[in-house]
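*Asks:* Could you have a look at this structure, given as structure tokens, before my questions?
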Amino acid sequence: MLGAVSTPSDAPRASAKEIASGLLAEMRANLESAEHLETTSSSPEHEEQLDDLFKNLESSLEAQLRTQGRSERPSESLERAMTLLANLSPEAKTIAYILASGGSHLTFDQVQALLKDSPIADAISELRDNGLLVPLSGLTMEDQKIKHLPVYYFPPALSKALRAALLMPPEPSKDLIHAIFLELGKVGYSRVT
């Protein structure tokens, strides 16, 4: 019955590759945005940005190592997803619920804006720290060249189980869904329906 929740046997390797690619795309995007600042490489602001970049990388890798499971059994994947979700704040769980029900990822610019100036910044950080919102590599065309850019969604190895767990009752309150969706909308997020 939960067969669609499981992952194929090569999923951990594929998931690790996708996450590594996403982390590299995130680093490139952060470095590109740092280059646009009018700072020298020895300025305190530049050093602080690099420090933040490496802290994000470290916490993302750490969270992924914690959440990566070796189980192939659908029931164990679903149980692990439900346990991870149970430990989240209502705001973080609602963001995950919106992503699961909308089926759309967050972009690099959206996540950066939410982390800088949003009442849901802590919830976004909580999802990242728990390994539930990870950078993955997306593609775009820029100057007739394919460019990798980071997008943020559930880790591939847990994605199906997380979406299944999030769509089970109880649903977050309508007021909280509305408030979170308004904050996401301020940075340009819209559901795919």
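*Asks:* Can you tell me which of Leu167, Leu127, Leu162 is within 15 Å of Leu85 (Cβ to Cβ) and at pLDDT below 90?
*Replies:* Selected residue: Leu167, the only one of Leu167, Leu127, Leu162 that is within 15 Å of Leu85 (Cβ to Cβ) and at pLDDT below 90.
*Asks:* Just one of Leu31, Leu37 is more than 17 Å from the chain's Cα centre (by Cα) and at pLDDT below 65; which is it?
*Replies:* Answer to the selection: Leu37.
Conditions (1) β-branched (Val, Ile, Thr); (2) touching a strand residue (DSSP E or B) at 6+ places or on another chain (Cβ under 6 Å); (3) surrounded by fewer than 20 Cβ atoms within 10 Å (Cβ to Cβ), marked per residue:
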site	(1), (2), (3)
Lys147	no, yes, yes
Phe154	no, no, no
Met168	no, no, yes
Ile180	yes, no, no
Gly185	no, no, yes
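*Asks:* Restricting the search to segment 70-129, which residues are hydrophobic (A, V, I, L, M, F, W, C) and touching a strand residue (DSSP E or B) at 6+ places or on another chain (Cβ under 6 Å)?
*Replies:* Residues satisfying the conditions are Leu106, Phe108, Val111.
*Asks:* I'd like the residue in segment 83-111 that is of a type in the set (A, V, I, L, M, F, W, C) and either touching a Phe, Trp or Tyr at 6+ places or on another chain (Cβ under 7 Å) or surrounded by fewer than 16 Cβ atoms within 10 Å (Cβ to Cβ) (or both) and, out of all such residues, is nearest to Asn30 (Cα to Cα).
*Replies:* Result: Val111.
*Asks:* If you check Lys145, Lys116, which single one turns out to be within 20 Å of Val187 (Cα to Cα), more than 14 Å from the chain's Cα centre (by Cα) and not aromatic (Phe, Trp, Tyr)?
*Replies:* Working: Lys145 fails: within 20 Å of Val187 (Cα to Cα).
That would be Lys116, the only listed residue that is within 20 Å of Val187 (Cα to Cα), more than 14 Å from the chain's Cα centre (by Cα) and not aromatic (Phe, Trp, Tyr).
The values are calculated or read from the model by the stated rules, or taken from the named source; none is laboratory data. If you're wondering where the values come from, they're calculated on a predicted model, not measured in any experiment. As a convention, Cβ positions derive from the backbone with ideal geometry for all residues, glycine included, and neighbour counts pool all protein chains shown.
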